[in-house]
Structures are given as structure tokens and as C-alpha cells.
1. Hey, can you find the accessible area per residue of the stretch 206-310 for me, probe 1.4 Å, expressed in square angstrom?
2. For a test of understanding, tell me how many lysine pairs in the chain have Cα atoms under 16 Å apart, given they are 8 or more places apart or on different chains.
3. Taking 8 Å as the Cα distance limit and 6 or more residues as the minimum spacing, I'd like the relative contact order of the chain as a percentage.
4. In what sequence, highest mean first, do 59-66, 219-226 appear when ranked by Cβ atoms within 10 angstrom?
5. If packing is taken as the mean number of other Cβ atoms within 10 Å per residue, what is the order of 93-105, 242-254, highest first?
6. Expressed as a whole percentage, what fraction of the accessible surface of the chain belongs to carbon and sulfur atoms when a 1.4 Å probe is rolled over the protein heavy atoms?
7. Listed highest first by mean packing, meaning other Cβ atoms within 10 Å per residue, what order do 16-22, 170-176, 35-41 come in?
8. Consider just the alpha-carbon atoms of the stretch 1-49 and return their Rg together with their Dmax, both in angstrom.
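The values are calculated or read from the model by the stated rules, or taken from the named source; none is laboratory data. On a predicted model such as this, the values are computed, not experimentally measured, just so you know. Cβ: placed from backbone, ideal geometry, glycine included. Neighbour counts: every protein chain shown. Just the protein is used for accessible areas: all its heavy atoms, side chains included, with ligands, DNA and RNA removed. Shrake-Rupley method; radii C 1.70, N 1.55, O 1.52, S 1.80 Å.
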Amino acid sequence: MITFCLCLGISWSTYSSRTGLIGWITTVVWTLPTLASAVGLLGALLTSRRMRRQRHWGKPQRAEDDTLLVVVPTIGRHDTYPALERAVLSYAKYLPGFFPHLRIDIITEEGCEAQPDIDALALTDPVFRVVVVPRDYRTPNGTRFKARANNYSHELRIAEGEAVDDVWVLHMDDDTGVGADTAAAMARFINAQRRAGADAKHLAQGVLTYPRELAVNRMTWLADSVRPSCDITLFAVMTGSGTPYAGLHGELLLIRSSIEATIGWDFGPKAIVEDAQLALHFCARYKGRSDWFSGACYGASPATMQDLMKQRERWAWGLIALAFNRTVPLKSRLLLMYNVTAWTLGLFQHVGIILALGALLGDLNTSPFTRVILPLWAMNVASGVWMYWEGLKLNVTVSADARRAWWEPIAVVGLIPFFSLYEGLAVFRGFLRFLRGTENKFVVIAKPA
């Protein structure tokens, strides 16, 4: 609210009705994120209400009547193995207490360099199983990368008779762990669906957070403050309302095995954001059947700013391609098309870029054509600041030391102009790759342990 009032007061007092070219540009690009900001605000309100509702699901009980299968695809490099070990050991530690029927499948590629280490890890607990994707395995649609591994695992479950309603599949990334709270939240959700009968949900997702102690780079950790905020706002609205039009992320994704069997992961050779593509196919077939829960999982931010650039660039590249993928129903893609448009123009929404362009054109008047737009601009700025502020709070809360250092809130707010410029550049690079028709690449960055 302070940010909103401050921005509105400054823009209102400096408003000029002599709108020039720059003013018309800002009218478009600075107003474009309004829908996303409004959805985010709604999401924050709904999250608070939903967390109160989920408390009425009762005290967490063991999911005695359902099976949980954890699926963890990994490229199996030496630099990704330490994070994989940390993650899967957390599953073996925290999940059995709530899921007596549990298996953890580590999906590897035949001949991967860390295979001996992964095999040795699997021998430490009978709950582990290593599933090796044969080098010559091909899907009917020629799917590659992580989606190919997921599809092999999905076909294996069908062949083994596990594509049934009382088997739930938990998809996790190979650097993302769980805690006792994660297990309790999932068990509460699964038991609630058994009681719901015909109204039961088929898919759910929680919150991705980044504990401070897993970060090897404070800059990337601060930059990732925005990510848990997306889960409690945009994703909480879409996934929590029953239809995940905004997509999903690949970790802490809980889905009935029987439902996944009807969709699969064979999305073709260009699929590099397979989680979001699964979400849109789910929207088309199972409208109103997804939910959101308050449990968190624990990931690690990229080790370097260069890795963060690669990560965001791949996401943008894949999501833009998905937004214009005609194999997905248009209705399911509309929100994604809006989101990627606003995201792609993010670089040109940056105040530094706008002022630089204005200086070149001799026009520094950024006022819109009407004052009515100013509250929308103030809301967009306030929303952006809140996302980083609240996300930092969430990441600190799940850290071993759950106290914010005095400088962390100052740093994250002060660095927002840099982060928005950096991420805007990454997204625009992804857009250029899409325009050029560059061959798709699934970039796997090193995973901090």
C-alpha cells in the first residue's frame, strides 16, 4: 500500500496532458501487466482464504488407502548428482511417515556419467528404484529431453498396472527436496479427495521455495524471491480454481496416475516446457479438477547469474512456442498468450529503456493520455515490489535461520530495477530464438548441492 500511494502520488503530481510519442508507448507497455497484477492481488486474497479452508481438512493423517510414486528425472551428470542425492534422501526421510505405500523412481538416461553413483544411492533404501531410459527409446511423436524421460516412466506405469485412481504421481526436479510439512500437506490433500467422492480433484500443486542455505549465490537467491510469490498468487488462482491455465512447474506436481495416463508426455520434439504443456492439455480435458495446497518444496537457485539467464531464456523460449502451438486448444492458450506477450515486452517496460529512448527522441514526457491510467500503473509497480518482498519473506521462512537479515529486504527492493532488466533481457533472447526457429535445446544448469 505504501508503494502504491507513493507511486500514485508522484505520477499524479508530475502528470502532463501533453502526451507525446513516449507517453503513448508507456500507455501501452506500462498498462499491459494490469491483468496479471489484478490476478496476483486476487490470488493473494484467495490463498489466505484457501489456507484457512484446508485447515478444516483435519489433522494430517497417513494416506493408508493410496499409493504415492515419486518420479525424479535426472540427466545424471556429475555436477547435478549432489543436488539429486540431497533431494531423494529428503523424500526417503519425510514421505514414509505419511505414505506407507511409497516408491521413489529415479529416471536416468542409459549411459549417463553419474549412473554408478545413482545406482549406489538406490541401494541405500528399498524405497528407491532406478529406471533407465534406453538410449534407443523413441516416442511416436519424437519427443525429446525431460518429456521423453517422463513419457517412458508413464508408459512403464501403464504396463505395470499402476495407472489407476488410487495411485498418485509426484513429479519432482532433481534439485528439489521436501520436508515434513510437504508430506503432511500432500497426505491431507489426498485424503480429502478420497472423501470428496465424485467431486474429487485429479491434480494439485504447492509452493516452490528457496531456502537460503541451499543458495551458493546471494544475487540469484534474491532474484528468485519472485518465484514463490507466483505460486501464492497467479498459480493459486488458476490451479486452485480448478483449471491451470497459467501452467504448472515441474516440481511438487501431484497428479493421479490414471489421469496422467490419458495425457502422457509425448508432446513432440519441440517441447521444452513439458509441465506447462501438460497443464494446458489437462485444462482441455478436466476443467475444474485441479487444486492448490499450502505445502512447500525446497529448491536451489542457479549457481551463477549466467545460469539464471540460461534458465529464464529457456522458459521464455518454450512458453512462447507453446502459446502458439496449435495442437493445444486455443481456449486453453489464451491466458498464456497474454502472459508471454506481457513477459516478452518486459524489457521495453523498463523505465531505464523508456527514458533512454525518450532521450534519443527528445521526449521525456512519460505521462499517459489520461490520468485514469495512473492508478493502474501504481498497482503494477506496487504488485512487482510486493512479489519480491513477500517472496523473500517466504524463502527466509523456510530457511534454517528463519530471520531476515536487516539488509535483505533493502537489497531485494533496491535490486528490482536490475532484476527486471536482466530477466527482461533473458526473455527477449528467448523470443529471438523462437523467431529464428532455432533448434530447441533443453539446457540443464548445474545444481547446487
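1. On a per-residue basis, 24 Å².
2. 8
3. Value for the chain: 26 percent.
4. On the way: 59-66: 15.1, 219-226: 23.1.
Highest to lowest by the protection proxy: 219-226, 59-66.
5. Working: 93-105: 18.8, 242-254: 23.2.
Answer by packing, highest mean first, reads 242-254, 93-105.
6. On the way: 11930 of 19080 Å².
Accessible surface attributable to carbon and sulfur in the chain totals 63 percent.
7. 170-176, 35-41, 16-22
8. When restricted to the Cα atoms of the stretch 1-49, Rg and Dmax are 14.3, 45 Å.
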